[in-house]
Structure formats: structure tokens, C-alpha cells
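As C-alpha cells, the structure follows; a few thoughts come after it.
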Amino acid sequence: MDELVSLCKRRGFVFQSGEVYGGLQGVYDYGPLGVELKNNLKHSWWSAMIFERDDIEGLDAAILSKKEVFKYSGHEDTFSDPLVDCKDCKSRWREDLIVDGKCPGCGSHDLTSPRPFNLMFKTPVGPVENEENFAYLRPETAQHIFTSFKNVQDSTSRQIPFGIAQIGKAFRNEINPRNFIFRLREFEQMELEYFVKPGEDEAALDYWCAERLGWWEKQGVNPSSLEIYNVPNEELAHYSKKTIDIMYRFPHGLEELEGIANRTDFDLGSHTKNQDALSLTSKTMENDESTMRLAVQDLEAKKWYVPFVIEPSAGVDRGVLAILNEAFTVEAIGDGKERTVLKLKPHLSPIKAAVIPLKKNNDELVRLAKEIKQNLQALGLGRVFFENTGNIGKAYRRHDEVGTPMCITVDFDSLENQTVTIRDRDSMEQKIVSISELPEAYIGALK
Ligand code: ATP
């Protein structure tokens, strides 16, 4: 983990937020390369959910949440972790961190009994601050998918089964944020709510579990680093009938990367205030004072029912950590030397190619290198970097370390013969190609 954290800081992937003031615990900033990697990961998820399928719609709902949403969802009552206080050093711990009844801070046995600590952040809304005037910062993106369910369904004329996908920030006042970007207070989720008829939920859970494992593999996560965990009944969230966690071997241990829950009709049902709505027509439902009736009509049976929902919920930050961990490689390159290389899948690499003029002060080389950069950039496949340091060896090492799949060197032959040298990140092989064939080679390397 230490090596990864150090690489992330040195090369601009992830920084402690507010570091100049000592940092805010459990809150991180993504730097110039981190933001590209994170965007690429999110794009890959979005593409798999929305673009490559025909049964899922997207949503970007608000973070500020009306308190009723999290009251009726059950989070006000149950979204808590057991908190233990040390009476000696006054530190506070999540119960699962207490081993052998000892305070992890000072070793004292003088601890309080565990009590529930609600993890939701509140913020005042409007100029008057009081007990009533507040909103929650959503602790999961899912609830606004449920409260917007009717709007999405009506505006897209979707029939069950269909899904609504969303990527966005979530906030949890974790008692002990830790392990770099693994457990945060501000983080991002990629959540799909896939609505099915009751009775079709169990098969859908298995289907989504297989889909999601396949997707992680395509992101470069070795299947041997993943494990399936069937969450036992006593550990299930209040809304879940069954949950399968996809566990990943993080540097600090085997922990949850993504949870796939069968949330049944719990959420839509809870937001459906009045079950009489189930026997009303759509028209009367619209005219009814309650806008929260979230049932659908079974056209054949001519009756209303609340769909069940399967939720694959993945953490973006945990995904970034897993992917960096998988890609991080230190390998021998002969003569007792080593190199650090991030063997990222090219679609995730923050920089797709670096274009390097052999000499930084040579106008002609620089002009040609910039022209090549612009032409590759125009293909729209991600960031192409103009690397004008004049030190090819150092540039190669830097781009190995940040996972750039190819480096393109522009030298004097380029001016004379219209050729460049392409160097492959993983094999370190170099080959000469004509500039006219470069776009094809570039596109090929990113596949
Ligand atoms: P954990 O048991 O690790 O606290 P959870 O079961 O509470 O996680 P879920 O509510 O299922 O997590 O959230 C779905 C996903 O969101 C998780 O699989 C994880 O990737 C991510 N996630 C949840 N809490 C955090 C957090 N505090 N920091 C970073 N990512 C998180």
C-alpha cells in the first residue's frame, strides 16, 4: 500500500484533501492523472450499462436529499455502525476494530458498550438553521433512483424489466476512515437499479453477479484477486433479502469492492405511501395528492404491482484502488536494474500516448511533434501528451510509471523520412512506423 500511496502522490493521481492544513480525514482529491483514470473507469461502466445495452437508462440526481427520502427508506433508523468509546484516551472506534476488548489507540479495557451511530451527514438548508430545516447528503446514490422511478419510466415508456443507472458522490460519516481511498467519508458510487417482476428477482441476482465479475475482469482485475461472499442473514442491510459481495484482495486484505443486493420491493414499496394506489388507474394516480406511488401496471393481468429491484453497487474509489494495485508492477530489466510500470488496460490509462521530440529546443522537431500530438488528439480517444523534456530515457520511465501504453519519439529521421519510433510500454519493444500509418497503430494499441 505504501508504494502505491507514494506513486499516487508523486505522479499526481491522488492527494490528501486540504493537505496544506493537515488534511481532512477520509477525504481525498484526485490529481491530473487520477481524474483521467477515474473518468475512464466511470466511462467504461457507463458504456457497459447504457451504451452497450438497450434496457437501461441513465440518471444524474441531486446529492442534497429531502429528509423524508431517507426517513421512509429506513436510513434514519438503521443506517448506523456500532460505536465504542474508550473512557481512558477518549477515542472512538467502530466495534469491529476492537480486538480482545482492547482500545486500538491506548490498549485500555475501559470501553463503553457499543451504541448505534448514524452515518448520514446533515446540512442546513436556507438561512434559518434549526432542527427541522436540514437536508441529508445522500449516503448512497440509489434512493433518488427510486424516488425518480416514475419520472424515468413515464418519460421513456419503459416496461419491466429495465434499469436505471447512476454515477455520483455519496457521503458517509465513517467512524474510522482508513486504508487510503478504501474507506472514505466522501466517495463515488456506480449504481444500477434493475427492476424486475417479483419472482424473477433471484435469477436476476445471479445474472448481474456474473455480468459484474466479467466487467471487473475487462478492467484488468485478475479473477484470482476476486472472491464471492454470500452475505449471511445477520449481516444483511435492512432492505436486502440476499446480497452477494464481490470481494477484492486489497493491499490491506480481502474486502468488499462491490455489493449486489436483492432489495426486493422494499424501497419502491416504502416510498409508495398508500397501498390502495395499487388498485388505481394511472390517471387517478397522477391526479392524486401523493406523487410517490411507484407501482407499475401488469398489462396482461391488468393489475398494479411494485417491482423488485436488483442493485449492483460498485465504489469508484475502491475500483481505482483495485485497478492501480493490479496494474502496479516492479520488474527487472537487466543489469541489476528495475522499472516500475503500471500495466493498466489502455482504455483506463490516463494518458494514451506521449509524443516526445528528441531535442526540446529544436524548432522543427517540436513543430512536427506538436502536429502529431494534435492529429492523434483529434481522434478523440483520450489525452495525448506532448512531452517536451528532451530526455527520452526519463520520459519512458515516467510514462511507464503512469501507465501510458505508447511513447512516440520524433527524431531527425522523422524530418527526413516522415517516420517515428513507437515504444510499447509492456514489451518495451521499439518499432519505426511512417507518420501516415501512425493513427492506425495508435488506435490498434488502445484496443
Ligand atoms: P462496507 O461494508 O465496506 O462499509 P457497505 O456494505 O456499507 O461497505 P454498500 O452500502 O454496499 O457498502 O455500498 C456499495 C459500494 O460503495 C461498496 O461496495 C463500496 O465499493 C462503496 N463504498 C461504500 N462505503 C464506502 C466508503 N466509506 N468509502 C469508499 N467506498 C465506499
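Among Asp413, Asp363, Asp335, which is the only one that is touching a strand residue (DSSP E or B) at 6+ places or on another chain (Cβ under 6 Å) and either under 30 Å from Lys218 (Cβ atoms) or surrounded by fewer than 20 Cβ atoms within 10 Å (Cβ to Cβ) (or both)? Full working, then the answer.
On the way: Asp363 fails: touching a strand residue (DSSP E or B) at 6+ places or on another chain (Cβ under 6 Å); Asp335 fails: touching a strand residue (DSSP E or B) at 6+ places or on another chain (Cβ under 6 Å).
Asp413 is the lone residue from the list that is touching a strand residue (DSSP E or B) at 6+ places or on another chain (Cβ under 6 Å) and either under 30 Å from Lys218 (Cβ atoms) or surrounded by fewer than 20 Cβ atoms within 10 Å (Cβ to Cβ) (or both).
With Thr141, Thr147 as the choices, which residue is out of contact with any strand residue (DSSP E or B) (no Cβ under 7 Å at 6 or more places or on another chain) and surrounded by 18 or more Cβ atoms within 10 Å (Cβ to Cβ)? Step through it out loud before you land on a result.
Values: Thr141 fails: out of contact with any strand residue (DSSP E or B) (no Cβ under 7 Å at 6 or more places or on another chain).
That would be Thr147, the only listed residue that is out of contact with any strand residue (DSSP E or B) (no Cβ under 7 Å at 6 or more places or on another chain) and surrounded by 18 or more Cβ atoms within 10 Å (Cβ to Cβ).
Could you check the stretch 314-401 for strands (runs of 3 or more DSSP E) lying wholly inside it with 2 or more residues that are within 16 Å of the ligand (Cβ to nearest atom)? Outline the logic, then answer.
Values: elements: 328-332, 338-342, 351-357, 383-386.
Answer list for the stretch 314-401: none.
I'm trying to understand the selection: among the residues of the stretch 218-251, which are surrounded by 16 or more Cβ atoms within 10 Å (Cβ to Cβ), among the hydroxyl-bearing types (Ser, Thr, Tyr) and within 13 Å of the ligand (Cβ to nearest atom)?
If the condition is that a residue be surrounded by 16 or more Cβ atoms within 10 Å (Cβ to Cβ), among the hydroxyl-bearing types (Ser, Thr, Tyr) and within 13 Å of the ligand (Cβ to nearest atom), then Tyr239, Ser240, Thr243, Tyr248 are the ones that fit.
Please go through the stretch 84-117 and give me each residue that is of a type in the set (A, V, I, L, M, F, W, C) and more than 27 Å from the chain's Cα centre (by Cα), ordered by number. Break it down into steps so the answer makes sense when it comes.
First, the residues of the stretch 84-117 that are of a type in the set (A, V, I, L, M, F, W, C): 84, 86, 89, 93, 97-99, 103, 106, 111, 117.
The answer is Val84, Cys86, Cys89, Ile98, Val99, Cys103, Cys106, Leu111.
How many of the residues making up the stretch 429-447 are over 29 Å from the mean Cα position of the chain (by Cα), surrounded by 12 or more Cβ atoms within 10 Å (Cβ to Cβ) and within 30 Å of Glu326 (Cα to Cα)?
So the answer is 4.
Restricting the search to the stretch 405-428, which residues are more than 31 Å from the chain's Cα centre (by Cα) and part of a loop (DSSP other than H, G, I, E, B)?
Passing the criteria: Asp411, Gln418.
Could you list, in sequence order, the residues of the stretch 176-199 that are surrounded by 21 or more Cβ atoms within 10 Å (Cβ to Cβ) and within 16 Å of the ligand (Cβ to nearest atom)? Before the answer, list the steps.
Restricting attention to the stretch 176-199, the residues satisfying the condition of being surrounded by 21 or more Cβ atoms within 10 Å (Cβ to Cβ) are 180-182, 184, 187-196.
The answer is Phe180, Ile181, Phe182, Leu184, Phe187, Glu188, Gln189, Met190, Glu191, Leu192, Glu193, Tyr194.
What pairs come out if I take residues in the stretch 79-91 that are assigned to a loop (DSSP other than H, G, I, E, B) and pair them with residues that are at pLDDT 90 or above and of a type in the set (Asp, Glu) whose C-beta lies under 9 Å away, six or more apart or interchain?
Phe79/Glu140; Lys87/Asp110; Asp88/Asp110; Ser91/Asp85
The values are calculated or read from the model by the stated rules, or taken from the named source; none is laboratory data. The model shown is predicted, which means the values in this text are computed figures rather than measured ones. Positions of Cβ are backbone-derived with ideal geometry, glycine not excepted, and every protein chain shown enters the neighbour counts.
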